[in-house]
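The block underneath contains the structure these notes are about, expressed in C-alpha cells.
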Amino acid sequence: MTPDFDALAPHYRWLEAVTFGPLLHRCRTALLPHLAGCRRALVLGDGNGRFLADLLRANPDLTADALDISPGMTALARRRVGGTGRVRFRVADARAADFPRRGYDLIATNFFLDCFTRPELRRLVPRLADALEPGGRWAVGDFRLPDRGWPRLAGRVALAGMYAFFRLATRLPAGRLVDPDPLIRACGLAPGHTDTWLGGFLSARLWVK
Ligand SMILES: C[S@@+](CC[C@H](N)C(=O)[O-])C[C@H]1O[C@@H](n2cnc3c(N)ncnc32)[C@H](O)[C@@H]1O
C-alpha cells in the first residue's frame, strides 16, 4: 500500500495546531542544540518542511537531501525553505529509494518511522543506519506508547484514533505504532539525549552511530 499525503498537505499545519498545539514542533526541534557541527543531512518525511527550515537556520554550513513520498508536502517544504541551493528535494518512497552508504552525518526522522509496519521498519532501519557515517547522529522525534499508568491508557486511545484517521485520509499502511528502538540499537547505534512530553507520549531521542 502506498500512502498519499497530498490531500492532507494543505491542512496538516492547522490540524497539528488544533490537536497538539506547539508540542509536536517542540519535539521536532528539541534536538537541534545537539546537532551543531552536522554538515550533511538526510531528512526523511519532513512533510511541510518546518523542521528542515529550522535545521538550516541553526546549521548554516549544512546541506541536506530531503526525501518525501508526497509531491504536495514537498512543494510546501520547497516554498518554506526558499530558493536555497542547500537542499536537494527528492519525491520518492523511502521503502524503495537508494541511499548512499555512509553519505550522511545526520539523519532526521520526525513523525516518520510511525508510518511503517514492523516488516517495513525491519527493512528500512538498517538501510538508513548504513547511510550514516561512523559517529553520525540520527534524530528521532515521534510518538511512543508510555510505559505505564494513565499516560499509557490515554496513549493507546490517542494512537488508535490517529491511526484510524491516517489510514482513512492517507491510506497509511501501518495500523499501529511499532517501537523502532530495538531495530536502531541492533544496527549498532547508541541512544543519547532524550526529551519527552505528555508523560512519555512524545519523545525526541538522539542516536549515535
Ligand atoms: C505524519 S507525516 C509527518 C510530517 C513531518 N515529519 C512532521 O514532523 O509532522 C509523515 C510524512 O512522511 C511522508 N511519508 C510517509 N510514508 C513515506 C514513505 N514511504 N516514503 C517517504 N515519505 C513518506 C509523508 O508524505 C509525510 O510527509
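Hey, could you check segment 25-45 for residues that are in a loop (DSSP other than H, G, I, E, B) and over 14 Å from the mean Cα position of the chain (by Cα) and say which is nearest to G136 (Cα to Cα)?
Just the residues of segment 25-45 that are in a loop (DSSP other than H, G, I, E, B), to begin with: 30-31, 35-39, 45.
Cutting the leftovers down to over 14 Å from the mean Cα position of the chain (by Cα) gives us 35-39.
Details: L35: 10, A36: 12, G37: 11, C38: 8, R39: 10 Å.
Checking each candidate, the answer is C38.
Being within 13 Å of the ligand (Cβ to nearest atom) and either under 17 Å from R79 (Cβ atoms) or among the polar types (S, T, N, Q) (or both) is true for just one of L24, L8. Which residue is that?
Values: L24 fails: either under 17 Å from R79 (Cβ atoms) or among the polar types (S, T, N, Q) (or both).
Going through L24, L8 in turn, just one is within 13 Å of the ligand (Cβ to nearest atom) and either under 17 Å from R79 (Cβ atoms) or among the polar types (S, T, N, Q) (or both): L8.
Failed condition for P60, given (1) in contact (Cβ under 8 Å) with a residue 60 or more places away in the chain; (2) more than 8 Å from the ligand (Cβ to nearest atom); (3) not in a helix (DSSP H, G or I), with all others met?
If we test P60 against (1) in contact (Cβ under 8 Å) with a residue 60 or more places away in the chain; (2) more than 8 Å from the ligand (Cβ to nearest atom); (3) not in a helix (DSSP H, G or I), just (1) comes out false.
Select, from G47, G72, the only residue that is under 20 Å from L124 (Cβ atoms) and within 13 Å of the ligand (Cβ to nearest atom).
Values: G72 fails: under 20 Å from L124 (Cβ atoms).
On inspection, the qualifying residue turns out to be G47.
Could you tell me whether R13 is within 12 Å of the ligand (Cβ to nearest atom), more than 27 Å from L189 (Cβ to Cβ) and touching a helix residue (DSSP H, G or I) at 6+ places or on another chain (Cβ under 9 Å)?
Working: within 12 Å of the ligand (Cβ to nearest atom): yes; more than 27 Å from L189 (Cβ to Cβ): yes; touching a helix residue (DSSP H, G or I) at 6+ places or on another chain (Cβ under 9 Å): yes.
Considered against the rule, which asks whether it is within 12 Å of the ligand (Cβ to nearest atom), more than 27 Å from L189 (Cβ to Cβ) and touching a helix residue (DSSP H, G or I) at 6+ places or on another chain (Cβ under 9 Å), R13 comes out as yes.
Could you tell me how many of the residues in segment 61-100 are crowded, with 21+ Cβ neighbours inside 10 Å and in contact with an Asp or Glu (Cβ under 8 Å, 6 or more places away or on another chain)?
8
Output the residue which, of all residues in segment 75-103 that are outside any helix (DSSP H, G or I) and of a type in the set (K, R), is nearest to L121 (Cα to Cα).
R95
Tell me the residue from W207, W150, W138 that is farther than 27 Å from L55 by Cα and of a type in the set (F, W, Y), please. Can you show your working first?
Numbers: W207 fails: farther than 27 Å from L55 by Cα; W138 fails: farther than 27 Å from L55 by Cα.
Checking each option against the conditions leaves just W150.
None of the figures in this text is laboratory data; all of them are computed from the coordinates on show. Quantities reported herein were computed from a predicted structural model and do not represent experimental measurements. When we count neighbours, we look across all protein chains shown, and the Cβ atoms used for this are built from the backbone with ideal geometry, even at glycine.
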